[in-house]
Amino acid sequence: MCPTADEYYYNTLTGEVEHGHGSSWTHRMGPYPTLEAAQAALATAKQRSAAWDDDEARWGDEKDGDDD
């Protein structure tokens with residue numbers, strides 16, 4: 001993926017949104033297509049993580065059911 005000038009990143013160290021590559025990759029989440037999406041980066045990550053946890057739990061329940 002080639003970086004473009006229209007990408008936004010959430011800086012996990014400062015809690016601020018950056019336009020383009022403003023800081024080290026070790027502190028960036030993204031890229032995001034809009035400023036608003038970058039501002040919501042932590043909330044989006046939390047929602048996705050919860051969904052993955054739910055999927056994992058369901059998958060584990062289904063696997064356990066095969067042993068019966």
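None of the figures in this text is laboratory data; all of them are computed from the coordinates on show. On a predicted model such as this, the values are computed, not experimentally measured, just so you know. Counting neighbours? That spans all protein chains shown, and the Cβs are built from the backbone with ideal geometry, glycine included.
Projected label points at K46 and S24, each 7 Å from Cα along the beta carbon direction, are separated by 2.6 nanometres.
With axes computed from alpha carbons, what is the tilt in degrees of helix 41-66 against the longest principal axis of the chain, rounded to the nearest 10 within 0 to 90? Taking the Cα atoms of the chain, the angle to 41-66 is about 20 degrees.
For T12, the residues whose amide H sits under 5 Å from its own are R28, M29, ignoring neighbours fewer than 5 places away on the same chain, with H placed 1.01 Å from N.
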